[in-house]
Amino acid sequence: MKNYLYCYKMTWDTESAPNPHEGVLTLAICKPTIRRCSQIGDWISGWTAKAVHGKGGQVYSFDEQKLIYLARITKKLTFEEYWKQYPQKRPKELNKNREVQKKSCGSSTTNIANSYNSGDNIYKPLTSHPLNFNDYEQVANNNHGDGDKEHDLKGKYVLICEEFYYYGVEHAKDIDSNVFRDIVPRCKKIPLDNCYLLIDTIQNDQQVTIKGV
């Protein structure tokens, strides 16, 4: 089976999509096509858009693309499996003063100072064998509202990455063109054979903010 590196631009990074906490990086909300189509052994990478919304409502601007995270997919779970196997990823601390205004990957709030504590395991199965969107309840969280439910669940799977390298938008990493020369559009899939220099470079970087190997 041929493996790929999935690349995409991030306009939000509030540590929810992806969620790099509890020792494993997970992608459970947003990016449904990547979650549905990727395979175990593929890698995913998030890159800066021209403007990226971070924690606390801060907006970061970039003239050139930088790497926010790189991760290897080690498991693909259904939402039912994710709910049962990763209770530590369920929402913890809620921002009670939030005002839902914009629905986008990672956050749908104007007051998101605490959103990184919320967790991304937000879909609770209502039956033992859920078959459709109505078989899940969206639990209270800081990041997505009811209008995001169908979009999130379209992905069918949650990506589990036990090997990951997360810089975050605050410390997004410059990548030399000799290491990775592709310009990332909204989303792109690249044969993994062409990406090992990038992976090796990040695996040996000592400046990673959060990592799991």
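Look at the alpha carbon pairs under 8 Å that are at least 6 residues apart: their mean separation over the length of the chain gives a relative contact order of 31 percent. For the chain, modelled as a GNM with alpha-carbon contacts under 10 angstrom, which of ASN132, ASN141, ASN19 fluctuates the most? Maximum among the listed residues: ASN132. Selection among PRO20, GLY41, CYS30 by position relative to the dipole of the stretch 1-83 gives GLY41 as farthest towards the positive end (Cβ unit charges, Cα centre). Across the chain, Cα-Cα pairs more than 33 Å apart make up 10 percent of the total.
In the structure shown, the pairs LYS2/LYS76; LYS50/LYS76; LYS31/LYS75 are assessed against 25 Å; a Cα-Cα span above that value is assigned to LYS50/LYS76.
Between GLU81 and LYS2, what length comes free when the chain is fully extended (0.36 nm per residue of separation minus the Cα-Cα distance, one decimal in nm)? Walk me through the numbers before you get to the answer.
On the way: separation 79, 0.36 × 79 = 28.44 nm, distance 2.58 nm.
So the extension gain works out to 25.9 nm.
Annotation: extensible slack from PHE62 through GLN207 equals 50.2 nm (criterion: 0.36 nm per residue apart, minus Cα-Cα distance).
The numbers here are math on the coordinates, done by the rules we state, and not lab data. On a predicted model such as this, the values are computed, not experimentally measured, just so you know. Every residue, glycine among them, receives a Cβ derived from its backbone with ideal geometry; neighbour counts consider all protein chains shown.
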